[in-house]
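Presented below is the structure to which this report refers.
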Amino acid sequence: MPEIRTRFAPSPTGLLHIGGVRTALFEILFAHHHGGKAILRIDDTDRTRLVPGAIQSLIEDLSWVGLHFDEGPSDEEIARADEGYQGGFGIGGAAAPYVQSQRLGRYKETAEELIRLGVAYRCDCTSERLEKEREEQTARKEMVGYSGYCRERNVAADVPHVVRFKIPADRAVVLADAVKGEVRWDQIILRDPVLLKSDNFPTYHLATVVDDHDMRISHVLRADEWLSTAPLHLLLFEALGWEAPVFAHLPPVLGTDGKKLSKRHGATFLSSFREAGYLPEAILNFMALIGWSPGEGEQQEIFSMEELTRRFTLDRVNNAGGVFSYEKLKWMNGMYIRALAAEDLEGRLRPFLAGAGLAVDGEKLRRIVPHIQQRLELLPDAIPLVQFLFQAKIERDMASMLKKGMDAAKAKEICLRAAEAMGAMETFDTPSIEAALRGMGEQLGLQAGAVFTVVRIAVTGQKVTPPLFESVYALGQKEAVERLRETAELLG
RNA sequence: GGCGCUAUCGUCUAAGGGUUAGGACAAGGCCCUCUCAAGGCUUAAAUACGGGUUCGAAUCCCGUUAGCGCUACCA
């Protein structure tokens, strides 16, 4: 059996979209499930939309999220295509180059071949002429598209021109799509599409067919939106005498309004999810479940990449589009955060804490992390929970302290006594703190909860915090006593 | 307009002719509890509509409706 080879071919026109992440994920899962290879190809054929630095950010994002390809552009190729490239993400492979702007010769010669075969022709129609044609067609309520004016004109090779494919009339095309099943077109409605642009760059249609053939791609997994142009690609493979790969058109990832997920639905760039404090593992797990499911009554939701790879098959890919739910992603992110080793979580938290301007003390952080772990959905959720540890001065929510029958005099007494008890401790640890605080409640004839609330706000400033005894312990004996005394003074 | 794709709780989905239509997120309730969480238990919530085929349809077929995609020298 020939090797299973898939490819992900993003355009460097901006940041990596979360929908692209899903496509790339499926490419990798499918290839690796079958012991094959996933290839990364850079589709930079649109010179007008090219964004400098986009390749760099694309592969950086891919790498961050944990999507690793078996073949792809080398450092040299990327550097040639993207001036700002810093290096370090090159992959390489036998089918190099993997950057389409570096494969121009192949597209050009294939276009010539197509002309020789009589299925393509040169066209020198100006954009004005095309524009006028379109206007007239619209006015006559006809189908809009190129009339085929240059089909028989034998436009010379030495004038500026494009190369167009001659769409055959009355040709039925059948696609055996691995996801959609058999899709049939009784006639192809496309109107002589451009294959090679006047700047000598190919359009997607030509480039993808040439490269998928050259790179021996066995399965093309791509977004649903390509389904309409699949007949063109099939015809191209046929005309060239090449065997077409298996196509699998993936259901779209939608926003809440049922339209393709875009900016107005919220964050859509992978980098925004990274900045918002999502974990790569959670993102991958979640994206796998939009448009794919393990089936067979499976009730598990959390899957590692290994499990996904083992279980992923195309026949479990759904036909219908799926709405991207930020809520569920958040829940899943929380699940992943809770499953992290404490040291791991510490490391992931640091950039966010530093970003919030907190001067993090490693020891304090180490003490508190296990206690905030089940309180986080997103990494930055930690900031309000731990900030009291790293601030020299805290603001106290006195209004919340003096609620429910608690008055200033009583609160002051609690603070004084607590300060005394804390200060007197020989071993300052969580059980001792708890014992002291609980004992105090009894002595004063107060509910433990009432005492805790006063101490909580006195020590942390906030009414919502990690568990009290652990928080006091994490802060340290000296600072805890100081903060209790400070509060007592504040209370008159 | 044309061509194509799609249709199960609000959302992601399971059920591949026979199930009380299952699970998860979100929502509500209860338990646990030092705040907030986490966790456990629990409630509500769906086969778009109409025809067939069949002893029997969420499931197969046809139609309707609705949504989406494509219809560029963009991908």
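The values are calculated or read from the model by the stated rules, or taken from the named source; none is laboratory data. These numbers were taken from a predicted model, which means no experiment stands behind them. Note that we place each Cβ from the backbone using ideal geometry, even for glycine, and neighbour counts take in every protein chain shown. Surface areas here come from the heavy atoms of the whole protein model, side chains and all, with no ligands, DNA or RNA. Shrake-Rupley method; radii C 1.70, N 1.55, O 1.52, S 1.80 Å.
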Normalising by the residue count of the stretch A:103-250, find the relative contact order in percent from Cα pairs under 8 Å and 6+ residues apart.
-> 24 percent
Estimated Rh, chain A: Kirkwood, alpha-carbon pairs, angstrom = 27.0 Å
Taking A:Asp214, A:Asp82 and ranking on accessible area (1.4 Å, protein atoms only), highest first, one gets A:Asp214, A:Asp82
Excluding same-chain residues fewer than 8 positions from A:Lys412, which aspartates and glutamates have a Cα within less than 20 Å of its Cα?
-> A:Glu395, A:Asp397, A:Glu420, A:Glu434, A:Glu442, A:Glu479, A:Glu482, A:Glu486, A:Glu489
Which of the trypsin sites (Lys or Arg not before Pro) found in the stretch A:1-88 are in a DSSP loop and have at most 14 neighbouring Cβ atoms, other than their own, within 10 Å?
-> A:Arg47, A:Arg49
Sequence ranges A:101-109, A:166-174, ranked by mean other-Cβ count within 10 angstrom, highest first = A:101-109, A:166-174
Restricting to chain A, compute how many DSSP beta bridges are antiparallel as a %, nearest 5.
-> 55 percent
What are the ³J(HN,Hα) values, in whole Hz, obtained from phi via the Karplus relation 6.51 cos²θ - 1.76 cosθ + 1.60 with θ = phi - 60°, for each residue of the stretch A:319-330 in sequence order, with x given for Gly and Pro?
-> 8, 7, x, x, 7, 7, 9, 4, 4, 6, 4, 4
Taking only DSSP H segments of four or more residues, each worth -39500 (n - 2.57), what value at 222 nm results for chain A once the sum is divided by all its residues, to the nearest 500 deg cm²/dmol?
-> -14000 deg cm²/dmol
Under 5 Å, built H, 5+ apart or other chain: amide partners of A:Leu250 | A:Arg222, A:Ala223, A:Asp224
Can you give the accessible area per residue of chain A, in Å², using a 1.4 Å probe?
-> 46 Å²
Loop sites in the stretch A:280-333: GluC sites (Glu not before Pro), DSSP, at most 15 other Cβ within 10 Å = A:Glu296, A:Glu298, A:Glu301
Among beta bridges that DSSP assigns inside the stretch A:103-250, antiparallel share in %, nearest 5 = 70 percent
Would you pull out the residues with amide H under 5 Å of A:Asn319's amide H, same chain only if 5 or more places away, H placed 1.01 Å from N?
-> none
Work the Kirkwood hydrodynamic radius out for the stretch A:169-284: mean of 1/r over every pair of different alpha-carbon atoms, inverted, in Å.
-> 16.7 Å
Probe 1.4 Å, all protein chains in place: accessible area of A:Trp185 in Å², nearest 10?
-> 40 Å²
Of the listed pairs A:Lys328/A:Lys403; A:Lys132/A:Lys259; A:Lys108/A:Lys259; A:Lys259/A:Lys328; A:Lys180/A:Lys259, those with alpha carbons more than 29 Å apart are A:Lys328/A:Lys403; A:Lys132/A:Lys259; A:Lys108/A:Lys259
